[in-house]
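Below is one structure, written out as structure tokens, with a few remarks after it.
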Amino acid sequence: MKIIVCIKRVPDSESRIAKAKDGASVDTQGLKFVLNPYDEYAVEGALRLKEAAGDGSVTVMTLGGEESKETLRTALAMGADQAVLLKGQPSVDGLGTAQKLAGALEGREYDLLLFGKQAIDDDNLQVPAMVAELLGVPCATVVVELQVEGKVVTATREIEGGHEIVEFELPGVVAAQKGLNEPRYPSLKGIMQAKKKPLEEVDVGDAESHLEVIEVMNPPGRSAGVIVGEGADAVPELVRRLREEAKVI
Amino acid sequence: MSVLAFAEQRAGAVRDAALETLTVGRQLADALGVELVAVLVGPPGLAVEAGKLGSYGADRVLTGLADAFAEYSPEGYTELVAKAAREKAAKAVVFAASAQGKDLAPRVAARLKAGLASDVTQVGIEDGRVVAVRPAYAGKVFLRLAFKSAPAMLSVRPRAYKAAEAPRDAQVEELTVDAGAAARTKVQTAAEEKRERPDVAEAEIIVAGGRGLGGPESWKLLEGLADALGPGAGLGASRAVVDAGWRPHSEQVGQTGKVVAPPLYFAIGVSGAIQHLAGMQTAGCIVAVNKDAEAPIFKIADYGVVGDLFEIVPRLTEEIRKARSQP
């Protein structure tokens, strides 16, 4: 089975995010970047499918700049076989990025395309379903359980207070949610091997944005309220305030 | 010309999140001076819900009803909504940022080659164009966005808007359906679940627990508190607790979990890591209980109680039950 996993380089979840001087973008100076956490589940899922099948290949692909090579190497160190860097910048919304990815995927062979369900920077949660639509293939998003038997994919996706079972035939797209698996850490041997694995570079140009950021804003300000008191004795006063002051119960 | 609102259904009934999309759609339609068209896709029996869409502001209801659409069908629903958007010359298409909306909206947007703003918390018309506000980085920042393509595609975060009645006699029109489009991907709702509490993403009140609870067995305390708060209360969890396997990931609040904004949020034994705060700091009222008076959660909480949660939570449960039983 040929699997292509689309990944992204994002700031670590512990990062403090501030707006840049232009007021319409995020200041990325000094941030620590990692492989998008949801993409780790996608890479792990791909490796497990390949291991279970006993053959096939796992290719990781990203749209980004030179610095994204580091992210591709992380996925190679986990065990992916080869990497593709589509050189160009992602779009503000998902569509431009999806168009670049779909364009690059059209000329390649694949059975399954895996993604993380969303990148934790833009939080768009758009690209996997858009790529599926542009390629005309089926898709399951927010997937917490995945089985592939022959050509048939059975994916369990999370919905409010429950799950949906999605079934389709390959080729198709699956977008991984946390809980799909426990991603492995790259081994030292894996890290050494990653340096020698093939990394193809293709200039695709920047993705076209269909949305424009007018302004990056801080979240609505929130200041510390009151410490009502200590211990269980403070509870009646807390409940009185919730009822009479905040009027929330 | 029109504004389109997708009226999501589940098990043959229109969902609350759908009524919120109608309220958003109504505001946009009024500002643009066009009609609001609700798109209702589902099983044939869903026709009875059309009137409800009129009472929440739809001027027109387009129905795509067939047995093949009883369960969600990515391809089938996409075809219907995209068709409706073209036929009614939609200026904007509004979805709920629900599990279904987040799957469907990108497909429709890609079909229409139009940009989509996900998880929108605020939207309006400025100088005749649609401008949306949405969180990024799990809410560490918010983006104000303008559309460079048409129609403006939006998915609106559940509970960001309150559904408001705006009654009118909606015209009902049938959308011709090709049920074959639904056949490619088979979707069925897993049967095993029994829903006792609302999902954390849609709860009116969230009772969230962190590492301070010491172990999964302590969640009985939080369940008791949630029960006392009424049927709108759901359970949430910090990342540490989910990673430790104490609670399911579906309850996780924060970056790599859910971003929520309920009117009332209880953070019990949650210290307040950046990635957690990002996911809940726009809640209406935040109550924190923690034994550490220096915990970061107190910096954003409206009300705090310092001390042993194992003593405080049972008392809180009792006092809330008492307070709620009084008129």
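The values are calculated or read from the model by the stated rules, or taken from the named source; none is laboratory data. None of the values given here were measured: they were computed from a predicted structure. A quick note on method: Cβ atoms are made from the backbone with ideal geometry, for glycine too, and the neighbour counts reach across all protein chains shown.
Numerical summary
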| quantity | calculated |
| --- | --- |
| Complete set of residues in region B:157-174 that are out of contact with any Asp or Glu (no Cβ under 8 Å at 6 or more places or on another chain) and either surrounded by 16 or more Cβ atoms within 10 Å (Cβ to Cβ) or of a type in the set (S, T, N, Q) (or both) | B:A166, B:V172 |
| Scope region A:38-58; condition over 16 Å from the mean Cα position of the chain (by Cα) and not in a loop (DSSP other than H, G, I, E, B); matching residues | A:L47, A:R48, A:L49, A:K50, A:E51, A:A52, A:A53, A:S57, A:V58 |
| Residue tally, condition within 10 Å of B:G210 (Cβ to Cβ) and either outside the structural domain of B:I286 (by TED's automatic domain parsing) or outside any loop (DSSP other than H, G, I, E, B) (or both), over region B:231-252 | 5 |
| Condition met for B:A47 (out of contact with any Lys or Arg (no Cβ under 7 Å at 6 or more places or on another chain) and either at pLDDT 95 or above or buried (at least 24 other Cβ atoms within 10 Å of the Cβ) (or both)) | no |
| Listing of strands (runs of 3 or more DSSP E) fully contained in region B:129-218 that carry 3 or more residues being within 11 Å of chain A (Cβ to nearest Cβ) and in contact with a Leu (Cβ under 9 Å, 6 or more places away or on another chain) | B:129-136, B:141-147, B:152-156 |
| Residue match in region B:25-44 (condition: closer than 22 Å to B:A146 by Cα and free of Cβ contacts under 8 Å to residues at least 24 places away in the same chain) | yes |
| Identity of the residue in region A:157-189, surrounded by fewer than 20 Cβ atoms within 10 Å (Cβ to Cβ), assigned to a strand (DSSP E or B) and not hydrophobic (A, V, I, L, M, F, W, C), that ends up modelled with the lowest pLDDT | A:G162 |
| Every residue from region B:259-277 that is over 16 Å from B:E294 (Cα atoms) and either surrounded by 24 or more Cβ atoms within 10 Å (Cβ to Cβ) or more than 19 Å from the chain's Cα centre (by Cα) (or both) | B:V260, B:P262, B:Y265, B:F266, B:Q275, B:H276 |
| Residues (within 10 Å of chain A (Cβ to nearest Cβ), part of a loop (DSSP other than H, G, I, E, B) and closer than 21 Å to A:R241 by Cβ) located in region B:262-290 | B:P262, B:P263, B:Q281, B:T282, B:A283, B:G284 |
| Strands (runs of 3 or more DSSP E) contained in region A:196-237 and holding at least 1 residues at the interface with chain B (Cβ under 9 Å from one of its Cβ atoms) and surrounded by fewer than 17 Cβ atoms within 10 Å (Cβ to Cβ) | A:211-217, A:226-230 |
| Failed item, numbered, when A:G136 is tested on (1) surrounded by fewer than 20 Cβ atoms within 10 Å (Cβ to Cβ); (2) without any contact (Cβ under 8 Å) to a residue 40 or more places away in the chain; (3) under 27 Å from B:P135 (Cα atoms) | (3) |
| Where B:T282 falls short, out of the listed (1) at pLDDT 95 or above; (2) on the phi < 0 side of the Ramachandran plot | (1) |
| Single residue of region A:24-41 satisfying the filter (over 17 Å from A:T97 (Cβ atoms) and touching a residue at least 60 places away in the same chain (Cβ under 8 Å)) that is surrounded by the fewest Cβ atoms within 10 Å (Cβ to Cβ) | A:A24 |
| Of all residues making up region B:66-78, the number that are under 24 Å from the mean Cα position of the chain (by Cα) and away from every other protein chain (no Cβ under 14 Å) | 1 |
| Odd one out for A:G161, checked against (1) under 30 Å from B:G245 (Cβ atoms); (2) without any contact (Cβ under 8 Å) to a residue 24 or more places away in the chain; (3) more than 7 Å from chain B (Cβ to nearest Cβ) | (3) |
| Residue list for region A:1-29, restricted to those being assigned to a strand (DSSP E or B) and among the basic types (K, R) | A:K2, A:R9, A:K19 |
| Positions within region B:79-98 being surrounded by fewer than 24 Cβ atoms within 10 Å (Cβ to Cβ) and within 14 Å of chain A (Cβ to nearest Cβ), in sequence order | B:E79, B:A82 |
| Selected residue (criterion: surrounded by the most Cβ atoms within 10 Å (Cβ to Cβ)) from residues of region B:61-78 that are among the aliphatic types (A, V, I, L, M) and not in a strand (DSSP E or B) | B:A70 |
| Single residue of A:K21, A:K8, A:K117 found to be of a type in the set (K, R) and surrounded by fewer than 15 Cβ atoms within 10 Å (Cβ to Cβ) | A:K21 |
| Region B:291-326: number of residues that are assigned to a loop (DSSP other than H, G, I, E, B), over 30 Å from the mean Cα position of the chain (by Cα) and either crowded, with 23+ Cβ neighbours inside 10 Å or more than 8 Å from chain A (Cβ to nearest Cβ) (or both) | 4 |
| Residue under evaluation B:A96, criteria (1) touching an Asp or Glu at 6+ places or on another chain (Cβ under 6 Å); (2) farther than 28 Å from A:V92 by Cα; (3) of a type in the set (G, A, S), criterion not met | (2) |
| Number of the exception - B:E251 against (1) more than 28 Å from A:V143 (Cα to Cα); (2) more than 10 Å from chain A (Cβ to nearest Cβ); (3) in contact (Cβ under 8 Å) with a residue 24 or more places away in the chain | (1) |
| Test: residue in region B:203-210 that is among the hydrophobic types (A, V, I, L, M, F, W, C), farther than 19 Å from A:G161 by Cβ and modelled with pLDDT of 95 or more | no |
| For A:R241: the one exception among (1) within 14 Å of chain B (Cβ to nearest Cβ); (2) surrounded by fewer than 17 Cβ atoms within 10 Å (Cβ to Cβ); (3) more than 30 Å from A:A18 (Cα to Cα) | (2) |
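Conditions tested, residue by residue: (1) more than 30 Å from B:A278 (Cβ to Cβ); (2) hydrophobic (A, V, I, L, M, F, W, C); (3) not in a strand (DSSP E or B).
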{"site": "B:K83", "(1), (2), (3)": "yes, no, yes"}
{"site": "B:V94", "(1), (2), (3)": "no, yes, no"}
{"site": "B:P106", "(1), (2), (3)": "no, no, yes"}
{"site": "B:A117", "(1), (2), (3)": "no, yes, no"}
